[in-house]
Amino acid sequence: MSATDRSRAAGVLLLCRAEPDRVRPSAQLLREPMILAPAGEDWTVLVPAEEAWREEGSHLAAVAAEWAHALTVAESWPAVGLWWDEEGAGFVVAAGFRRTVGYTWLADGAPVGEEGAMTALRARLGLDPVLDAEAFDQLTRPDSDADAAARVRGVIAVLARSGLHLPAGLVPGAGTDALRAAAEAAPRAEAVEWPGWREAVRGGLDASENGLMGEWIRGPRARALGAAEIAAGVCLLVYARRGAGSRRRWSAAGVVLVADGALTIAYDTWRSRGTSGA
């Protein structure tokens, strides 16, 4: 199969369990061309452009895992990365500092996934421990009538029970051009662009103040959390700089952590000054 054919057969979708306004700041920090769109109640989908993931020597499973981790490392909501190419398909699930795990099916649908990945997916998304667990278990059993793309569509069907509703055309197995066109046509879709640090800071503060982590961005806990994020982010940036290939994408997680930690400390300082001057 030619490189062009492989490109048409491959794709990545990032599903974030949060509203678009909460996802946007983290997506901007990835500094990759993406389309963001609502995907149901408390869900957002990100569709990366091909040039964002097309890198020699990088596997889509690793790319999806690193992006999902970077999106959630400083957030309280989880993300699921779906990927597919001519060799197979699968998912990854990330949530905060917990280890990102994933599951893979070969092109013919044969399961070769990581043990415990389905349990992690269910638990991190807060799905039904009985009905949804049984549905996921079905996807790990041999099925001669289901290829890899069908397996991932099965994952989407289970997530739909929790409110996920992908825009029309965003279907695992679709080609790059079709995905991009569907994403751009989705209601309230928008291109994610790097706005510069000033707007990124403003958006990050708004998201933090209004999000579930609002109680953590003030006082000693805020300063401790900010310092820990900066330290972890610097470590990731050093690791990424020494690496090669897809490992460099860890720099995205490092940037997110350093930026979020600095914003947390700066915002706490600003609020403290405002309170003392009142």
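The values are calculated or read from the model by the stated rules, or taken from the named source; none is laboratory data. All values derive from a computational prediction rather than experimental measurement. Cβ: placed from backbone, ideal geometry, glycine included. Neighbour counts: every protein chain shown. With ligands, DNA and RNA removed, areas are computed over all heavy atoms of the protein, side chains included. Shrake-Rupley method; radii C 1.70, N 1.55, O 1.52, S 1.80 Å.
What number of residues within segment 154-185 are at pLDDT 85 or above and either among the β-branched types (Val, Ile, Thr) or within 13 Å of Met34 (Cα to Cα) (or both)?
Total satisfying the criteria: 10.
Run Glu115 past the list (1) open to solvent by 20 Å² or more (accessible area, probe 1.4 Å); (2) within 15 Å of the chain's Cα centre (by Cα) and report the number of the one that doesn't hold.
(2)
Considering segment 1-31 alone, what residues qualify as being open to solvent by 50 Å² or more (accessible area, probe 1.4 Å), under 23 Å from Pro78 (Cβ atoms) and at pLDDT below 90?
Arg31 - this is the single residue of segment 1-31 that is open to solvent by 50 Å² or more (accessible area, probe 1.4 Å), under 23 Å from Pro78 (Cβ atoms) and at pLDDT below 90.
Let's see how each residue does on (1) part of a helix (DSSP H, G or I); (2) among the charged types (D, E, K, R):
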| position | (1), (2) |
| --- | --- |
| Arg153 | yes, yes |
| Val158 | yes, no |
| Pro172 | no, no |
| Asp177 | yes, yes |
| Glu184 | yes, yes |
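Sort out which residues of segment 121-130 are open to solvent by 20 Å² or more (accessible area, probe 1.4 Å) and in contact (Cβ under 8 Å) with a residue 24 or more places away in the chain, and write them in order of number.
Across segment 121-130, the qualifying residues are Arg124, Gly126, Asp128.
Would you check which residues across segment 142-151 are assigned to a loop (DSSP other than H, G, I, E, B) and open to solvent by 20 Å² or more (accessible area, probe 1.4 Å) and list them?
Pro142, Asp143, Ser144, Asp145, Asp147
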